[in-house]
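Notes follow the structure.
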Amino acid sequence: MSLSVFELLMLVCFGAAWPLNIYKSIKSKSTKGKSLIFLFVINAGYICGIIHKIVYSFDGVIFLYILNFLMVTVDILLFFRNRKFENAALPA
């Protein structure tokens, strides 16, 4: 088992985008520009990475997969919150 520097860098790069996405979701209170399917596909990829790390190649990189998964999950939850705000703002 050896740590892959490139896998680590990939996850750091991908992970750097999620805090900004989360911030924008909180501030905008809107689902505009968000794709729920995209977020679920990204999380499915992180789950596959976590399973791979557990089964074949366990190392510290698993924590980046978990962190990224959690950040995308937060963005998914914010999507539902924001959709609720949007529906409440619709005229009756």
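Bear in mind these aren't lab numbers, they're just calculated from the coordinates by the rules spelled out. The structure displayed is predicted, hence computed values, not measured ones. All Cβ positions, glycine included, derive from the backbone under ideal geometry; neighbour counts span all protein chains shown.
Out of segment 52-79, which residues are acidic (Asp, Glu) and surrounded by 15 or more Cβ atoms within 10 Å (Cβ to Cβ)? Don't jump to the end; show me each part of the working.
Keep residues of segment 52-79 that are acidic (Asp, Glu), which gives 59, 75.
Matches in segment 52-79: Asp75 only.
Only one residue in Thr31, Thr73 is part of a helix (DSSP H, G or I) and not charged (D, E, K, R). Which one? Quick ask: steps written out before the conclusion?
Numbers: Thr31 fails: part of a helix (DSSP H, G or I).
Result of the check over Thr31, Thr73: Thr73.
For segment 2-15, state whether one or more residues are surrounded by 12 or more Cβ atoms within 10 Å (Cβ to Cβ), part of a helix (DSSP H, G or I) and free of Cβ contacts under 8 Å to residues at least 40 places away in the same chain.
Yes; the residues of segment 2-15 include at least one that is surrounded by 12 or more Cβ atoms within 10 Å (Cβ to Cβ), part of a helix (DSSP H, G or I) and free of Cβ contacts under 8 Å to residues at least 40 places away in the same chain.
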